[in-house]
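Read the structure below first, then the notes.
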């Protein structure tokens with residue numbers, strides 16, 4: 001019995017477009033499952049994070065050294 005492929009493809013014009021990313025280890029026939037904070041492969045266990053890397057902290061001005069308005 002074949003599994004349903006609902007939601008893995010969408011159509012744009014006359015072309016089919018994949019909605020999920022493929023597993024880089026298993027190949028283009030295996031899709032990564034979409035979770036809240038990650039994508040994972042059910043076949044090989046590959047996982048990647050969806051969260052972006054944190055930005056560098058902003059520099060903090062020294063106390064008591066506020067610039068005077070012009």
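Checking segment 53-61 against the condition returns no match, with no residue being out of contact with any helix residue (DSSP H, G or I) (no Cβ under 6 Å at 6 or more places or on another chain), at pLDDT below 90 and not in a loop (DSSP other than H, G, I, E, B). Taking segment 32-52 as the range and being part of a strand (DSSP E or B) and in contact with a strand residue (DSSP E or B) (Cβ under 6 Å, 6 or more places away or on another chain) as the test, the residues that pass are 33, 38, 39, 40, 47, 48, 49. No other residue among 23, 44 is under 18 Å from the mean Cα position of the chain (by Cα), surrounded by 10 or more Cβ atoms within 10 Å (Cβ to Cβ) and at pLDDT 90 or above apart from 23.
The values are calculated or read from the model by the stated rules, or taken from the named source; none is laboratory data. Keep in mind that what you see is a predicted model, and the values were worked out from it rather than measured. Heads up, the Cβs are rebuilt from the backbone with ideal geometry, glycines too, and the neighbour counts pull from every protein chain shown.
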